[in-house]
Amino acid sequence: MKAHTAETQATMNPQKSLTFLLEGNQRFQNNIRINRNLIEQVNDTSSGQFPFATILSCIDSRIPTEIIFDQGIGDLFNARIAGNFINEDILGSLEFACKLAGSKLIMVLGHTSCGAIKGACDNAKLGNLTQMLDKIKPAVESTKTEADAIRNSSNLTFVNEVARKNVKLTVEGIKAKSPVLNQMLHDNEIDIVGAMYDVESGLVELIN
């Protein structure tokens with residue numbers, strides 16, 4: 001398969017881009033891969049790039065996005081940070097990806113058993129990590145549980161619910177804090193979706 005060009009990127013829209021990702025994840029789960037000549041794609045993209053989607057995901061080593069979505073070189077923009085939250089630099093990167101480089105979709109991708117989420121649940125303190133985890137605290141605090149539920153990393157169900165909540169808050173934050181992306185969303189030029197990756201099954205599930 002050839003790398004995307006300006007012409008093929010122009011044929012993409014938000015829904016088609018999402019379908020491409022989900023179909024690729026299904027192939028990944030079934031251990032079926034599209035045949036790609038990666039060196040040829042390196043050559044194809046040497047003078048320009050035309051990704052159709054942008055993934056904001058965690059730095060976790062178990063979630064290499066091109067692999068879990070069965071995509072090639074030049075298909076995806078990737079913004080990765082522990083806990084997949086936003087700040088000004090990441091918002092600027094997302095704006096570049098969509099407004100200037102033509103990406104049609106932003107997916108905020110959380111995952112199960114997330115170490116950053118566990119750290120936020122445990123109120124971990126360690127150098128610069130402390131300030132980073134503070135950005136995930138709103139998801140911890142707004143995740144509801146039964147009165148007697150354990151609200152720390154020993155309760156994996158709680159951890160995963162916080163991860164889902166963090167994805168939702170991040171999607172909302174992108175819309176609220178980036179007028180550029182919010183306008184593109186309003187004009188149906190892009191879509192912004194949330195999803196969770198299951199580290200046990202390899203499944204990507206959309207979050208409503």
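Taking region 148-175, which residues are farther than 16 Å from Met107 by Cα and in a helix (DSSP H, G or I)? Before the answer, list the steps.
Of all residues in region 148-175, those farther than 16 Å from Met107 by Cα come to 148-162.
Those that are farther than 16 Å from Met107 by Cα and in a helix (DSSP H, G or I): Leu156, Thr157, Phe158, Val159, Asn160, Glu161, Val162.
For region 67-103, filtered to residues that are assigned to a loop (DSSP other than H, G, I, E, B) and hydrophobic (A, V, I, L, M, F, W, C), the residue that is surrounded by the fewest Cβ atoms within 10 Å (Cβ to Cβ) is Ala101. Mind checking which pairs have a first residue in region 119-132 that is free of Cβ contacts under 8 Å to residues at least 60 places away in the same chain and a second that is of a type in the set (Lys, Arg) and outside any loop (DSSP other than H, G, I, E, B), Cβ under 7 Å, 6 or more apart or different chains? Within 7 Å, the pairs are Ala120/Lys137. Only one of the listed residues (Gly83, Gly115, Gly110) is in contact (Cβ under 8 Å) with a residue 40 or more places away in the chain and out of contact with any strand residue (DSSP E or B) (no Cβ under 9 Å at 6 or more places or on another chain). That residue is Gly115. Scanning region 125-139 for residues that are touching a helix residue (DSSP H, G or I) at 6+ places or on another chain (Cβ under 7 Å) and surrounded by 15 or more Cβ atoms within 10 Å (Cβ to Cβ) yields Leu133, Ile136, Pro138, Ala139. The residues on offer are Glu95, Glu88, and the sole one that is within 18 Å of Lys175 (Cβ to Cβ), free of Cβ contacts under 8 Å to residues at least 40 places away in the same chain and of a type outside the set (Lys, Arg) is Glu88. Taken together, Leu56, Leu91, Leu76 contain a single residue that is among the aliphatic types (A, V, I, L, M), modelled with pLDDT of 95 or more and more than 24 Å from Asn25 (Cα to Cα), which is Leu91.
Consider region 49-66 and keep the residues that are touching a Ser or Thr at 6+ places or on another chain (Cβ under 8 Å) and not hydroxyl-bearing (Ser, Thr, Tyr). The one that is surrounded by the most Cβ atoms within 10 Å (Cβ to Cβ) is Leu56.
Going through Gly24, Gly48 one at a time, which residue ends up being part of a helix (DSSP H, G or I) and either in contact with an Asp or Glu (Cβ under 7 Å, 6 or more places away or on another chain) or at pLDDT below 95 (or both)? The match here is Gly24. Against the condition small (Gly, Ala, Ser) and in a helix (DSSP H, G or I), how does Gly119 come out, does it pass? Spelling it out, Gly119 is indeed small (Gly, Ala, Ser) and in a helix (DSSP H, G or I). Of the residues making up region 27-45, those that are part of a helix (DSSP H, G or I), of a type outside the set (S, T, N, Q) and in contact (Cβ under 8 Å) with a residue 12 or more places away in the chain are Arg27, Phe28, Leu38, Glu40, Val42, Asp44. Does Ile32 qualify as being surrounded by 13 or more Cβ atoms within 10 Å (Cβ to Cβ) and aliphatic (A, V, I, L, M)? When the stated conditions are applied, Ile32 does not pass them.
The values are calculated or read from the model by the stated rules, or taken from the named source; none is laboratory data. Small disclaimer: the values here were computed from a predicted structure and weren't measured. Positions of Cβ are backbone-derived with ideal geometry, glycine not excepted, and every protein chain shown enters the neighbour counts.
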